[in-house]
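The values are calculated or read from the model by the stated rules, or taken from the named source; none is laboratory data. Quantities reported herein were computed from a predicted structural model and do not represent experimental measurements. So basically every Cβ, Gly included, is an ideal-geometry build from the backbone, and we count neighbours across all protein chains shown. Surface areas here come from the heavy atoms of the whole protein model, side chains and all, with no ligands, DNA or RNA. Shrake-Rupley method; radii C 1.70, N 1.55, O 1.52, S 1.80 Å.
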Amino acid sequence: MSGSMSRYNARAVEPKWQRIWEQRGAFRARRDPARPKYYVLEMFPYPSGRIHMGHVRNYTMGDVVARYKSARGFSVLHPMGWDAFGMPAENAAMERGVHPGTWTRANIDTMRAQLKSMGLSLDWEREFATCDPEYYAQQQAMFLDMMEAGLVTRKSSMVNWDPVDGTVLANEQVIDGRGWRSGAPVERRELTQWFFRISDMAGELLDALEGLTNWPEKVRLMQRNWIGKSRGLQFAFDVVAAPAGFERLEVYTTRPDTLMGASFAAISPDHPLARALGSTVPGLADFCDECRRMGTSEEELGTAEKRGFDTGLRVRHPFDPGWTLPVWVANFILMEYGTGAIFGCPAHDQRDLDFVRKYGLPVIDVYTPLDSDARVADLAYVPPKTEKVRYINRFAGPEVMTGDEAVDAAIAHCEGLGIGQGVTRFRLRDWGISRQRYWGCPIPVIHCPSCGVVPVPKADLPVTLPEDVEFDRPGNPLDRHPTWRDVACPECGAPARRETDTMDTFVDSSWYYARFTAPRADTPTVATEADYWMNVDQYIGGIEHAILHLLYSRFFARAMHRTGHLPAKAIEPFEALFTQGMVVHECYSTENGGRRVWHAPAEVEKAADGTARLRATGETVEIGAVTKMSKSKKNVVDPEDIIETYGADVARWFMLSDSPPERDVEWTEAGVEGAWRFLQRLWRMLHEAELAAPDSSMNGTGEAAVALRKAVHKAIAGVTADIEGFAFNKAVARIHDLANTMQRATGGEPDMAAARREAFEAIARLMAPMTPHFAEEMWEALGHATPLVATAWPEFDPALARDDVVLMPVQVNGRRRAEIEVARDAGSGTVEAMALAHPDVARHLGGQPPRKVIVVPGRIVNVVV
RNA sequence: GCCCGGAUGGUGGAAUGGUAGACACGAAGGUCUCAAAAACCUUUGCCGCAAGGCGUGCGAGUUCGAGUCUCGCUCCGGGCACCA
């Protein structure tokens, strides 16, 4: 195929194939009992405005899997939707006066067009947004089902409160302890809210992690720790001279073996006892108020300076009524965990040690290392609980034991004495879903003064959001919308009020994967569809969702099963999970009057010597750290610009080429150009190559032809394994390698022409999942009428993919000294003899006989002297 | 603070406990060109003329053999329950 040297024109080719695929309905998912199904899903995007490189990376990976599985004969479901509720839409409303819905819909339209230009094999007929009333109506119906099933509860919990704006703030809206708009110091405030009872399922969610063998181990570990199962002792201190109703102080401890080292008891500033004492102990109420002048996040609590206040109250040590401990209020104790009260053992807990050093309380050692009797000074002694230690101050068990053994002994001992009992607790807290915001799914209940909380009758669903809302004031517009808010009680008809809280957007994203199986149904799911399509065979998304989104989804799938909306097999909805890394980029900045000014990569021109200047002014730019692409540092490259300049395939190819998918990838202009040159080179090679006719069935027999064929079949085997193993960067490297081999295979013999055709056809098919438009264009140029989307994945010939002769390194004392060529299946004796006979080996042996020769067949020989 | 990761040439990275640096980017030299671009060829971990030596964040250890396993650190990143 000699002739035209035209360049590959992505701008014309990509829309052409996108049209052809669409006309063929190539990506429409169909239930087909005759074929195995494959459901591949990438985490759906929040419609923030435009797609970013993180989306390009995520959706390219998913598309590789979808197209590959499709070529392997699976009936593939690969859908896309929009996680469309959330705060940014309300922020846009406040800043620009645009309705959140209008803003969101416009963003979706932009982003849909951008995604389409990427040539993703998505079934767009299944698209939906979580802000569609058709979607959230089903969510409301499930909420009512879950209420009935006892999975929903209402209780009080802490929120960040902006006392000036009079609104609840998200953690993100608390900047250095102050409200982001008002600047007022934020307070913790108690509010009655709706919860899903996820903690009831803690044990189940923990145990089921064992079965998720196709999830990254690190994600399972993070979830395990998050759920935080612990065994400990729950007991009560007797309070000396207790205020009425507080005669006993319940505490929970995972280290009852250290009770002999107790030097204080401490309670949360939100503990009922702290509140009760507030009126009688001077300064205590102020201290608790001050503790509450802090956000609700554990991060803030963890990093804040540890502070305490002595209540003056004392409790009796459970083993000795004469031994009393002071009761402190401490800012680092969470009311949400355990009982909101602890005892402190400073010798074996660093936080407690820091606390007692600050307030001058005693340190009592409980155990020491086996080989030392050193006492605790600046550092608490906290060995792993599986390590044996010497108990020098114990009340149960032998002198030498591990922490685990000691805890068991302590629990048994205490239970025997009637001091508390061994309990299993979980760190996992119930899922608070109430949000005091407009742009979310309304919680379908009505508050009636006489009937209490009344579910909205299912016939009245959906409870849709009112359109006529104002964002000119802080707070939830639903609260001040009388015609929406004020309704008649469905039970007694008396005037009542709608619940104005909306649901956490994590609820929306906890079941969308199930909805994709029947996106237009007037029930949340349809059994036949869910039975066929569930579970998601491959889920792909960012590691930042490792805990919350994935745990909530696991809970929700179980809840959907209990309420009849999913089959039993779907209680773990994600069969396999892959967490991809971020897209990062250099930061560019200049200094302007002492202020750092950030510049977008598009405004910067890089010179060959590594320096950079502003295109507009020529001013030298400082090149900063390589960090996640973010608006604040402006180190953002717009995918649309890349697609317009180079085409979607180049963006996709580069995204896959450099870094392993789970690691961060640095977006570089040079890398993109490299990808572009590679596609151009292959295109040129194709047009310069002499190929056998398309119907030729000749196989190469000459040495050069066989060598090329071997390279082709090795590449097919390798790329297949790489895609299966999510090693897309290695697949790309192998394809590069094959292209290099093809370029050198220049012979004019007929069998070479045949081998070359085989090679070009193979490389087009191997590249199809990654650069689909380019591959189709190659395939068409090779004379095929049927497009690649309808062509099977190539098979390899095992005989050709295998080497008969291997090169084995020979080491002497672990250092490589020679290389021998041996038959693949040569025996160890033969290999050893060949190795010892090698002159370089003999030289390094210096006449000495080897002490030992290790032969690892097919891998290495090590001669030890 | 707590939980989870990561660290390999100038750069991104490759390497079932078995030849460290595949593949790519960049750089240097060359070919072609009036010239440039593009393309193509060669070289490219560091030290050394070579023989050889040194090298996978730091410090120990296990092993015939460690980038890979174990222990102790350092730095960077993700999450911490109302960002999505």
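Among the residues making up the stretch A:168-199, those that are in a strand (DSSP E or B) and in contact with a Leu (Cβ under 9 Å, 6 or more places away or on another chain) are A:168, A:179, A:196.
Which pairs have Cβ atoms under 6 Å, sit 6 or more apart or on different chains, and link a residue in the stretch A:39-56 that is more than 18 Å from residue A:508 (Cβ to Cβ) to one that is away from RNA strand B (no atom under 13 Å from the Cβ) and part of a loop (DSSP other than H, G, I, E, B)? Every condition considered, the pairs that remain are A:39/A:537; A:40/A:78. The set of residues in the stretch A:198-227 that are surrounded by fewer than 14 Cβ atoms within 10 Å (Cβ to Cβ) and within 13 Å of RNA strand B (Cβ to nearest atom) comprises A:217, A:218, A:221, A:225. Within the stretch A:622-679, the residues that satisfy the criterion of being among the acidic types (Asp, Glu) and within 10 Å of RNA strand B (Cβ to nearest atom) are A:658, A:662, A:664, A:666, A:669, A:673.
Scanning the stretch A:754-783 for residues that are part of a loop (DSSP other than H, G, I, E, B), under 17 Å from residue A:691 (Cβ atoms), open to solvent by 10 Å² or more (accessible area, probe 1.4 Å) and in contact with a helix residue (DSSP H, G or I) (Cβ under 8 Å, 6 or more places away or on another chain) yields nothing. Only one entry of A:202, A:113 meets the criterion of being small (Gly, Ala, Ser) and over 24 Å from the mean Cα position of the chain (by Cα), and that entry is A:113.
Pairs linking a residue in the stretch A:841-865 that is farther than 16 Å from residue A:831 by Cβ to a residue that is near RNA strand B (Cβ under 8 Å from one of its atoms) and open to solvent by less than 40 Å² (accessible area, probe 1.4 Å), with Cβ atoms under 6 Å and 6 or more positions apart or on different chains, are A:851/A:864.
Among the residues of the stretch A:591-609, the one identified as more than 14 Å from RNA strand B (Cβ to nearest atom), over 16 Å from residue A:628 (Cα atoms) and crowded, with 17+ Cβ neighbours inside 10 Å is A:604.
Within the stretch A:420-436, the set of residues being surrounded by 16 or more Cβ atoms within 10 Å (Cβ to Cβ) and either more than 7 Å from RNA strand B (Cβ to nearest atom) or under 15 Å from residue A:155 (Cβ atoms) (or both) comprises A:420, A:422, A:425, A:426, A:430, A:431, A:432, A:433, A:434. Here residue A:50 fulfils each of the conditions (1) of a type outside the set (Asp, Glu); (2) part of a loop (DSSP other than H, G, I, E, B); (3) more than 16 Å from RNA strand B (Cβ to nearest atom) apart from (3). The set of residues in the stretch A:709-742 that are within 27 Å of residue A:579 (Cβ to Cβ), near RNA strand B (Cβ under 10 Å from one of its atoms) and of a type outside the set (A, V, I, L, M) comprises A:722, A:725, A:728, A:729, A:730, A:734, A:736. Summed over the stretch A:292-316, the residues that are at pLDDT 90 or above and of a type outside the set (Phe, Trp, Tyr) give a count of 9. For the stretch A:615-631, the set of residues classified as open to solvent by 70 Å² or more (accessible area, probe 1.4 Å) and not in a strand (DSSP E or B) consists of A:615, A:616, A:617, A:619, A:631, listed by residue number.
Could you please tell me which pairs satisfy a Cβ distance under 9 Å, a separation of 6+ or placement on different chains, a first residue in the stretch A:158-173 that is within 14 Å of residue A:436 (Cβ to Cβ) and near RNA strand B (Cβ under 6 Å from one of its atoms), and a second residue that is open to solvent by 40 Å² or more (accessible area, probe 1.4 Å) and among the aliphatic types (A, V, I, L, M)? Pairs that qualify, where the first residue is within 14 Å of residue A:436 (Cβ to Cβ) and near RNA strand B (Cβ under 6 Å from one of its atoms) and the partner is open to solvent by 40 Å² or more (accessible area, probe 1.4 Å) and among the aliphatic types (A, V, I, L, M), are A:159/A:191; A:168/A:191. At least 3 residues being within 16 Å of RNA strand B (Cβ to nearest atom) and either open to solvent by 50 Å² or more (accessible area, probe 1.4 Å) or modelled with pLDDT under 95 (or both) is the threshold, and among the helices (runs of 4 or more DSSP H) wholly inside the stretch A:85-150 those reaching it are A:87-96. Taking first residues from the stretch A:818-831 that are touching a residue at least 24 places away in the same chain (Cβ under 8 Å) and closer than 11 Å to residue A:855 by Cα and partners that are part of a strand (DSSP E or B) and open to solvent by less than 50 Å² (accessible area, probe 1.4 Å), the Cβ contacts under 6 Å between residues at least 6 apart in sequence or on separate chains come to A:828/A:855; A:831/A:822; A:831/A:855. For the stretch A:553-573, a residue qualifies if it is surrounded by fewer than 22 Cβ atoms within 10 Å (Cβ to Cβ) and under 18 Å from residue A:541 (Cα atoms), and exactly one does: A:572.
Checked against the criteria, residue A:296 does not count as buried (at least 17 other Cβ atoms within 10 Å of the Cβ) and under 18 Å from residue A:262 (Cβ atoms). Scoring residue A:165 on the criteria (1) at pLDDT 95 or above; (2) within 30 Å of residue A:102 (Cα to Cα); (3) acidic (Asp, Glu) leaves a single failure, condition (1).
For the stretch A:299-325, filtered to residues that are assigned to a loop (DSSP other than H, G, I, E, B) and under 21 Å from residue A:240 (Cβ atoms), the residue that is farthest from RNA strand B (Cβ to nearest atom) is A:319.
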